Amino acid sequence: MSNQEKEPMFSAKIRKIFTTPLGKENPITVQVLGICSALAVTVKLKPALVMALSVTIVTAVSNFVIAALRDYIPDRIRIIVQLVVIATMVILVDQFLKAYAFDVSKQLSVFVGLIITNCILMGRLEAFAMANKPWPSFVDGLGNGAGYGIILVIVAFLRELLGSGTIYGYPVMQKLGVYSTGYENNGMMILPPMALIVLGLIIWFQRSRNESLIEKK
Amino acid sequence: MDSLRKKIDKIRPHFMEGGKYSKLRSVFEGFESFLFVPDRVTFKGSHIRDSIDLKRTMTVVIIALIPAFLFGAYNTGLQHFRSIGVESGLLQNFWFGFLKILPLVIVSYVTGLGIEFIAAQLRGHEINEGFLVSGLLIPLVMPVDVPLWMLALATAFAVILGKEIFGGTGMNIFNPALLARAFLFFSYPGWMTGDKVWIEGLTQGQNVIDGFSGATPLSLLAQGEAAKLPSFMEMFIGTIPGSIGETSTIAILIGAVILIATGIGSWKIILSTFAGGLFMGLLLNIFAVNSYMELPFYYHFVMGGFAFGAVFMATDPVSGSQTETGKWIYGFLIGVLSVLIRVLNPAYPEGVMLAILLMNVFAPLIDYYVVQSNINRRLRRARVAIKNQVK
């Protein structure tokens, strides 16, 4: 215990906890968690960004709280305790969005509330926060939220650009004048199946870059 | 011929291992076997070699498609001149349509074959003839006015995501040509449905004579204008607006005869698809509550892509059912679903494409249960035999 307490706040280990979920332990592309929301909120960049931020905050804070409580939670009822913490955080985030970003909150509709069921959260609480100290758990939550967010933003960027011809609401395609050449927005990009295909392509790209992710037969 | 053979033999060493173009070996072999029958023989063990290989199968399907293609060219011209109210002769119609279709065919082949060639080089596979049929099917299921870049995009989508990622020719779960069409249908619905895209020139705002409508029979019915429907004979011959190759039932039936006579296309699938359509059509006739449902069931066979889908798409040996019993079920359900989607879902005037793609997904499941029931039946028989012996 004592030698761990001396560990500096941003040691190499802590940094690693933050960076692995961005790449080779990515919650979406490697662990394949949280797919539903990744398909649902990625039509436009703005809701995707807000969603990514919300999930990051909820994961980090609930990770922190559960890690602080971890020695006092009876094993049998740990799931319900975890859910109470997550639900509280989700309600806070939901109310905050409704107060300060009402139109985004309307676009996200039920998906903010459904962060409760996002597998990434329960997964991190069970796998990390229950066995680690508050600070590393908090960083782990941030990392996983960011890993989730990166994929969301990439998917949303491609879908908004190709499906609606805009980036963050700015009409790029129109300004570039490509419509006069006969180009048209791709309607399928806005449909959820295409989000799944885009996600699949990202996974393909990541695995071809990082051979260690390919399952051995 | 001899000089060509000699030339090929002369450049062959360059493409073999250690040669300067060894990376392009499969391109070389692809062209060689395109020009000459491969002379490779088996050295070891006993093998049965059938003279009908992939190349010949594909060639037969291409031949079977020719009537539909020729009629499609003729009809494209016919519809065009009809829309502007100009009298035109048979050859004039044909030549006009042919020149309009040719770019579509070229774009489809160049895109698809280009991707297949690259994929084969990357993987070290041999180039095979898998795209020969798809390359002709894709333009035939398109409206004539589809922009070329969309066609190229759809072809690339179908070949890469529909075929190559599953492992190439023979591994795809969907029919590539239908996948290309479905991609365009959902991506650019403005170019795949409506009253204008089926006739050359209408999307460019060309003036048409009074009272002319480019609506297909199916969209007329979806709009509830059954009275404007062309006669049965007209739809059977195919002088109606529609995708290039699908309008003429008679040309498609000629193709069907070729496919069935050579044993390339499964007559079971074709027959059961029509049976399924007939069954669903009759059922809707019996419980008819609107004019579409009252439409005589046999009209469904000559409208839209029903016949084309049944003969050329459903019979795809890769994406369809493999077992003999499975073929009956698979075809029957395609027929049922096609008519069902057409009549009961106003958002999709044509149901054949979606029905076949849906059944493509179910084909392995159907096969699984057919095989499983066969195993169970034999097991039961074996158990009875053992019991009798013990007695």
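Just need the relative contact order of segment B:263-391 here, percent rounded to a whole number, with Cα pairs under 8 Å and 6+ apart.
Here the relative contact order equals 28 percent.
What is the Cα convex hull volume of segment B:263-391 when expressed per residue in Å³?
In segment B:263-391, the Cα hull volume divided by residue count equals 124 Å³.
Show that you can apply the helix-only estimate: for the protein assembly as shown, add -39,500 (n - 2.57) for every DSSP H stretch of four or more residues, divide by all residues, and state [θ] at 222 nm to the nearest 500.
-20000 deg cm²/dmol
Could you state the angle between the C-alpha long axis of helix A:45-69 and the longest principal axis of the C-alpha atoms of chain A, as a value from 0 to 90 degrees rounded to the nearest 10?
Here the helix axis deviates by roughly 10 degrees.
Which residues does the label zone of residue B:368 cover in segment B:137-180, counting backbone N under 18 Å from a point 7 Å along Cα→Cβ?
B:172-174
If you take the charge dipole of chain B about its Cα centre, with +1 on Lys and Arg Cβ and -1 on Asp and Glu Cβ, which of B:214, B:91, B:326 is farthest toward its positive end?
Positive-end residue among those listed: B:326.
When a footprinting reagent is the concern and you count Cβ atoms within 10 Å, what order do A:92, A:152 take, fewest first?
Working: A:92 14, A:152 26.
Final ranking by Cβ density, sparse to dense: A:92, A:152.
Could you tell me which residue out of B:272, A:36, A:62 lies farthest along the dipole of the protein assembly as shown toward its positive end? Charges go on the beta carbon: Lys and Arg +1, Asp and Glu -1, centred on the Cα centre.
Positive-most Cα among the choices belongs to A:62.
Report the FRET efficiency, 1/(1 + (r/R0)^6), for residue B:21 and residue B:110, where r is their Cβ-Cβ distance and R0 is 22 Å, rounded to 0.05.
Numbers: r = 22 Å, r/R0 = 0.99.
It comes out at approximately 0.50.
Dipole of the protein assembly as shown (Lys/Arg Cβ +1, Asp/Glu Cβ -1, origin at the Cα centre): which of A:89, B:52, A:120 lies farthest to the positive side?
A:120
Could you pull out which residues in segment A:173-211 have an amide N less than 11 Å from a spot 7 Å beyond the Cα of residue A:24, following the Cα-Cβ vector?
Only A:210-211 pass the distance filter.
Given springs between every Cα pair under 10 Å in a Gaussian network model of chain B, which of B:330, B:368, B:21 has the largest fluctuation?
B:21
Within 10 Å of each residue's Cβ, count the other Cβ atoms and sort A:88, A:29, B:169 from fewest upward. Working shown, then result.
On the way: A:88 14, A:29 26, B:169 22.
Ordered from fewest to most neighbouring Cβ atoms within 10 Å, A:88, A:29, B:169 come out as A:88, B:169, A:29.
Return P(r) of chain A (all Cα-Cα pairs; 5 Å bins starting at 0; whole %; ordered from short to long distances).
1, 7, 13, 16, 17, 15, 12, 8, 5, 3, 1, 1, 0, 0
Report the label-to-label distance for residue A:92 and residue B:378 in nanometres (one decimal), using points 7 Å from each Cα along the Cα→Cβ vector.
With each label placed 7 Å out from Cα toward Cβ, I get 6.5 nm.
Label points 7 Å out from Cα along the Cβ direction at residue A:119 and residue A:216: separation in nm?
So the two model labels end up 2.4 nm from each other.
Mind checking the alpha-carbon convex hull of chain B and giving the volume per residue in Å³? Display every interim value, and only then the final one.
Details: hull volume 72.5 nm³, N = 391.
It comes to 185 Å³ per residue, whole-number rounded.
Sort A:102, B:98, B:301, B:212 by Cβ crowding within 10 Å, fewest neighbours at the top. Can you show the working numbers first?
Working: A:102 10, B:98 17, B:301 21, B:212 14.
By the 10 Å Cβ count, ascending, the order reads A:102, B:212, B:98, B:301.
Using r as the Cβ-Cβ distance of residue B:171 and residue A:174, and R0 as 35 Å, what FRET efficiency do you calculate, to the nearest 0.05?
0.30
Students often get this wrong, so check it: of B:163/B:268; A:24/A:216; A:44/A:106, which have C-alpha atoms separated by over 20 Å?
B:163/B:268
I need the P(r) histogram for segment B:149-307: all alpha carbon pairs, bin width 10 Å from 0 out to the longest distance, whole percents.
Answer for segment B:149-307: a P(r) of 9, 28, 36, 22, 4, 0 percent.
Roughly speaking, what is the stretch gain from residue B:228 to residue B:212, that is 0.36 nm per residue apart minus the C-alpha to C-alpha distance, in nm to one decimal?
Value of the extension gain: 4.6 nm.
So if we plug the beta-carbon distance of residue B:361 and residue B:43 into 1/(1 + (r/R0)^6) with R0 = 41 Å, what FRET efficiency do we get, rounded to 0.05?
0.50
Label point 7 Å out from residue B:253 along Cα-to-Cβ: which residues of segment B:301-342 have amide N under 11 Å?
B:302
Charges at C-beta only: +1 for Lys and Arg, -1 for Asp and Glu. How large is the resulting dipole of the protein assembly as shown about its Cα centre, in Debye rounded to 20?
In total the dipole reaches around 2160 debye.
Calculate the translational D of segment A:153-217 in whole µm² s⁻¹ from Stokes-Einstein, where the hydrodynamic radius comes from the Kirkwood formula applied to all Cα pairs, the temperature is 37 °C and the viscosity 0.692 mPa s.
246 µm²/s
Treating the beta-carbon of each Lys and Arg as +1 and of each Asp and Glu as -1, no other charges, what is the dipole magnitude of segment A:77-217 about its Cα centre, to the nearest 20 debye?
It comes to approximately 240 debye.
What whole-number volume per residue, in cubic angstrom, does the convex hull of the C-alpha atoms of the protein assembly as shown give?
Values: hull volume 178.1 nm³, N = 608.
In the protein assembly as shown, the Cα convex hull volume per residue is 293 Å³.
No lab work stands behind these numbers, since they all come straight from the coordinates. Everything numeric in this text was worked out from a predicted model, so none of it was measured. Positions of Cβ are backbone-derived with ideal geometry, glycine not excepted, and every protein chain shown enters the neighbour counts.
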